[in-house]
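Visitor: If you scroll down you'll find the structure; I have some questions about it.
The values are calculated or read from the model by the stated rules, or taken from the named source; none is laboratory data. The shown structure was predicted, so the numbers you read here are calculated from the model rather than taken from an experiment. In this analysis, Cβ positions are derived from the backbone assuming ideal geometry, glycine residues included, and neighbour counts consider all displayed protein chains. To get the accessible areas, we keep the full protein, side chains included, count just its heavy atoms, and leave off ligands, DNA and RNA. Shrake-Rupley method; radii C 1.70, N 1.55, O 1.52, S 1.80 Å.
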Amino acid sequence: MSEKSLSHTKWMKRAIFLASLGKNTTSPNPRVGAVILDKNGSLISEGFHFKAGMPHAEAMAFNNLKNDAKGGTMYVNLEPCCHQGKTPPCVDKVISSGLKKVYISMEDPDERVSGKGIKLLKEAGIQVNLGLCKKESLDLNKAFIHRNTTKKAFGVLKWAMSIDGRIALKNGKSKWITNDESRSLVHSFRAEFDAIIIGGNTLRRDNPFLTTRGSKNPEPLRVVFTKSLDLPSKSNLWDCSKAKTLVIYDSSTANESYLSRIPKCVEVEKVLSDNPELISKILAKRGCNKVLWECGPNLATAAIQSNCIQEIITFIAPKILGGENSMHPFGDFEFEEMHEVIKLSNSQVSLIGNDICVKSLCKN
Ligand SMILES: NC(=O)c1ccc[n+]([C@@H]2O[C@H](COP(=O)([O-])OP(=O)(O)OC[C@H]3O[C@@H](n4cnc5c(N)ncnc54)[C@H](OP(=O)(O)O)[C@@H]3O)[C@@H](O)[C@H]2O)c1
Ligand SMILES: [Zn+2]
């Protein structure tokens, strides 16, 4: 690689790093960072998108300019927008600034933009270079891209189990399988998500809080999926002062008289089937890019079968629960042959005290 292209890579990596500062806060928007060099190649500004409604990365970079941008170069990890959203289009700002070149890592998958922003820049005589550090940019915005291309939220399934692969005793008790460190790690990593999903049975048995314990404000939306609506009138999820809760129920099977047990501060939405894909679509429509499924075996199996899970995180504790009837992470997938089983890829393993954490991609 020539010295010149090395420095282009360096600046795009800087833009990607800036974009990553919005990691937990930009949904439903993408993570975007921008760097501006003057005509002599000196850094004159940079910016990143922090939150929907706040300036886009390019706009923030123009707001922070220390010098004239005329004849200069911009590095940005996503195609500049060309539509009027909560803020004005960035393409107009880039054109009026007099920049000569723009390096863009990838096209915006949002159909209001996808290629149109680049076209406008080129028509204005700006040199556009597309594709620098594309792999890193795709990875940074994989949840946003997934939502825009599939209209479903990017799903991560997480569970904790013993070394013999059990998630609860046969009486349903599961507090606690993993160590304190793993559990507090789960609280903080929930901050990466826009919503956390469980089924009605986990709510009845575990009465969880499903919060980040304050590391994200506002907290992710807590979602309960129920076929029966047979939910208790007292539950930690009904305390809306900590986080919002949404109950989604299948009206083809639910007893709607149970609705009276749910307090008014909790939002309720009905669907006409028990297909978890509906949850994923509803949450995507609400702008959730990335959602965490913290459910038990029945909903987890259905979520995998309906393609709602793109990543898996397993915490494995060095404990033995034993027993044929203690609970497994999944129900039966009805596989008959080994080539049918779900194969995970790109596994990363880390040690958390004595617990093991395995993260893998799930393509089924
Ligand atoms: N160790 C761990 O990481 C972990 C994590 C989560 C849960 N657990 C344990 O798992 C147990 C609960 O397991 P579970 O499988 O019953 O969990 P769940 O998370 O409650 O999911 C099952 C429930 O989801 C609802 N549901 C809606 N659509 C469904 C569909 N298509 N398929 C299946 N269920 C659907 C039903 O609620 P309704 O019954 O209300 O209709 C159903 O009972 C508890 O003992 C809990 O401690 C362990
Ligand atoms: Zn923009």
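Visitor: Which one is farthest from S182 (Cα to Cα) among residues in the stretch 343-364 that are open to solvent by 50 Å² or more (accessible area, probe 1.4 Å) and part of a loop (DSSP other than H, G, I, E, B)?
Guide: Once the filter is applied, the top-ranked residue is N364.
Visitor: Take the conditions more than 16 Å from ligand 1 (Cβ to nearest atom), in contact (Cβ under 8 Å) with a residue 24 or more places away in the chain and open to solvent by 30 Å² or more (accessible area, probe 1.4 Å) and apply them to E58. Does it pass? Give the steps one after another, and end with the answer.
Guide: Details: more than 16 Å from ligand 1 (Cβ to nearest atom): yes; in contact (Cβ under 8 Å) with a residue 24 or more places away in the chain: yes; open to solvent by 30 Å² or more (accessible area, probe 1.4 Å): no.
Here the answer is no, as E58 does not meet what is asked.
Visitor: Taking H49, is it modelled with pLDDT of 95 or more and either away from ligand 1 (no atom under 16 Å from the Cβ) or surrounded by fewer than 14 Cβ atoms within 10 Å (Cβ to Cβ) (or both)? Show your work before the answer.
Guide: Details: modelled with pLDDT of 95 or more: yes; either away from ligand 1 (no atom under 16 Å from the Cβ) or surrounded by fewer than 14 Cβ atoms within 10 Å (Cβ to Cβ) (or both): yes.
The answer is yes for H49.
Visitor: Something else: Which residue is farthest from G72 (Cα to Cα), if the candidates are limited to the stretch 23-45 and must be in a loop (DSSP other than H, G, I, E, B) and within 15 Å of ligand 2 (Cβ to nearest atom)? Spell out the reasoning first.
Guide: Applying the first criterion (in a loop (DSSP other than H, G, I, E, B)) to the stretch 23-45 yields 23-32, 38-42.
Applying the additional criterion that residues be within 15 Å of ligand 2 (Cβ to nearest atom) yields 26, 28-32.
Numbers: T26: 28, P28: 31, N29: 27, P30: 25, R31: 23, V32: 19 Å.
The qualifying residue farthest from G72 (Cα to Cα) is P28.
Yes/no matrix, rows are residues, columns are (1) more than 22 Å from the chain's Cα centre (by Cα); (2) over 27 Å from S174 (Cα atoms):
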| position | (1), (2) |
| --- | --- |
| K270 | yes, yes |
| I279 | no, no |
| V291 | no, no |
| S326 | yes, no |
| F333 | yes, no |
| I356 | yes, no |
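Visitor: Now a separate question. Of all residues in the stretch 317-338, which are open to solvent by 30 Å² or more (accessible area, probe 1.4 Å) and farther than 30 Å from K151 by Cβ? If you could, list the steps in order and put the result at the bottom.
Guide: Taking the stretch 317-338 first, the residues open to solvent by 30 Å² or more (accessible area, probe 1.4 Å) are 318-321, 323-325, 327-328, 330-338.
Answer for the stretch 317-338, where residues must be open to solvent by 30 Å² or more (accessible area, probe 1.4 Å) and farther than 30 Å from K151 by Cβ: P318, K319, I320, L321, G323, E324, N325, M327, H328, E336, E337, M338.
Visitor: Do you know which of the residues in the stretch 169-195 that are of a type in the set (K, R) and in a loop (DSSP other than H, G, I, E, B) is surrounded by the most Cβ atoms within 10 Å (Cβ to Cβ)? Reasoning before the result, please.
Guide: Taking the stretch 169-195 and keeping what is of a type in the set (K, R), we get 170, 173, 175, 183, 190.
Subset that is in a loop (DSSP other than H, G, I, E, B): 170, 173, 175.
Values: K170: 12, K173: 14, K175: 8.
That would be K173.
Visitor: Scan the stretch 67-98 for residues that are touching a Leu at 6+ places or on another chain (Cβ under 9 Å), in a loop (DSSP other than H, G, I, E, B) and among the hydrophobic types (A, V, I, L, M, F, W, C) and report the count.
Guide: Total satisfying the criteria: 2.
Visitor: Give just the number: which of (1) within 16 Å of ligand 2 (Cβ to nearest atom); (2) open to solvent by less than 20 Å² (accessible area, probe 1.4 Å) does N63 not satisfy?
Guide: (2)
Visitor: Another question, then. Taking the stretch 107-161, which residues are over 19 Å from the mean Cα position of the chain (by Cα) and open to solvent by less than 30 Å² (accessible area, probe 1.4 Å)?
Guide: V113, G115, G117, I118, L121, I126, C133, A160
Visitor: Looking at the stretch 67-75, can you tell me whether even one residue there is within 11 Å of ligand 2 (Cβ to nearest atom), within 19 Å of G115 (Cβ to Cβ) and assigned by TED's automatic domain parsing to the domain that holds K122?
Guide: No, the stretch 67-75 contains no residue that is within 11 Å of ligand 2 (Cβ to nearest atom), within 19 Å of G115 (Cβ to Cβ) and assigned by TED's automatic domain parsing to the domain that holds K122.
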